[in-house]
Amino acid sequence: MENTTYTAALVGCGRIGYSLGLDKKREQPASHTMALTENSRITLVAGCDTDSERRSAWHTANKTAAVYSSSSDMYAHHSPDIITVAVNENAHLAEALAAIAAKPRLVILEKPVALDTIEAFRIQDAAARAKIPVLVNHERRFADDYRAARSYLPQIGNLQSIHASLHSSLCVYNPQEERSGAYSLIHDGTHLVDIVLFFLEAKADSETAISTETTKSVLHGHPVLTGLFRDEKKLVRQVTAHYSSEQCPDIAFTMSGRSRFFGFDIDIYGTEGRICIGNGYCKLYHREASRLYTGFYSLMCDKTATIPKKTRYFSNMVQNAVDFLDGNAPLGSTLQNGINALTVLEEIKRGF
């Protein structure tokens, strides 16, 4: 199987599908196109987009692949092993169902799974009936820095708190964008919630139980909302949602749409250490005899810990797809993982 080349087709040639791969500041590959073409085991045979300019730009960069204006036309001409769905949130349901119906060996679906859990369950049901596996691109689950931080969890003892924060200029929730998903609670909040669940899974007695059940098995009850701030248009601009779980008594998600910067930060305290990780940094701390106070212990940066220089988040995700098709690895991010994250987000949204 390791010598097999898999064919792939892309639905959506926009930012995450293609153009983020042109950003010279980002760690590359940063788009599905570049990650697929970088992998020597994959041949990208086709792409489609409803926008003619995006189609043209993509085809210019991928001359050996065919290009189409619709996924239905593409599926009429190709039967790829992998179909990647990288469209806007409001098109996830239709395109995911169409991709499943095309009977590939694997569907790669951009996060969030769908606009809500009702749509997500429809996708899950269709995939189960057709026996088509779906890999959800919760990219931080595949990133080497987050994997290193997760592996460090035993070093920090019992969990005391996990505080996860997201800062941007996009409003946290706008009810007028309910059917577009153009608000940060779902757009970037999906990543924030999912990566916290990723850490909690590592501390659970049975990771399988968390991966196959709804988030109710991870986070207890309904969130307590504090710091709720609305702007002059009554749109939610800031909120903190507090949870608890068997793995950690204090879990807080803070999302702000009032910031003039983009920030994504996770701060985990254990009884023996601390993990700080976010965009562009990973710091691991452990308990040592204090250099400041006699008879006390302090947290010191663990200089023995290896911090990856590159995250390889997109490369690792695509390699996971290859390893799965080879029969050598399970999917690193499943539909159920995506549904778990959406469940938390919907619980928070109900508090608004």
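Here are the numbers for this structure:
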quantity: Accessible carbon and sulfur surface of the chain relative to its total accessible area, %, 1.4 Å; calculated: 49
quantity: Cα centroid separation - the range 1-34 against the range 119-168, whole Å; calculated: 20
quantity: Helical contribution to [θ] at 222 nm, DSSP H n ≥ 4, -39,500 (n - 2.57), averaged over the chain, rounded to 500; calculated: -9500 deg cm²/dmol
quantity: Label-to-label distance, nm, for residues given as Leu292 and Ser244 (7 Å Cα→Cβ offset); calculated: 3.0
quantity: For peptides 241-253, 282-294, sequence by mean Cβ density within 10 Å, most packed first; calculated: 241-253, 282-294
quantity: Centre separation in Å (Cα based) which lies between the range 262-285 and the range 314-344; calculated: 24
quantity: Antiparallel bridge percentage (DSSP; both residues within the chain; nearest 5); calculated: 60
quantity: Cross-link table Lys24/Lys309; Lys131/Lys203; Lys111/Lys234; Lys111/Lys309, entries beyond 20 Å C-alpha to C-alpha; calculated: Lys131/Lys203; Lys111/Lys234; Lys111/Lys309
quantity: Whole-angstrom Cα spans of the chain along principal axes, big to small; calculated: 72, 51, 40
quantity: Per residue accessible area in Å² of the chain, where ligands, DNA and RNA are left out and the probe is 1.4 Å; calculated: 46
quantity: Lys24 paired with Thr271, simple spin-label distance in nm, labels 7 Å along Cα-to-beta-carbon; calculated: 5.2
quantity: Residues of the range 147-169 with amide N under 17 Å of the 7 Å Cα→Cβ point at Cys301; calculated: 149
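The values are calculated or read from the model by the stated rules, or taken from the named source; none is laboratory data. None of these values were measured; they are calculated from a predicted model. Heads up, the Cβs are rebuilt from the backbone with ideal geometry, glycines too, and the neighbour counts pull from every protein chain shown. The protein model used for the area step is the full one, side chains on, heavy atoms only, and it has no ligands, DNA or RNA in it. Shrake-Rupley method; radii C 1.70, N 1.55, O 1.52, S 1.80 Å.
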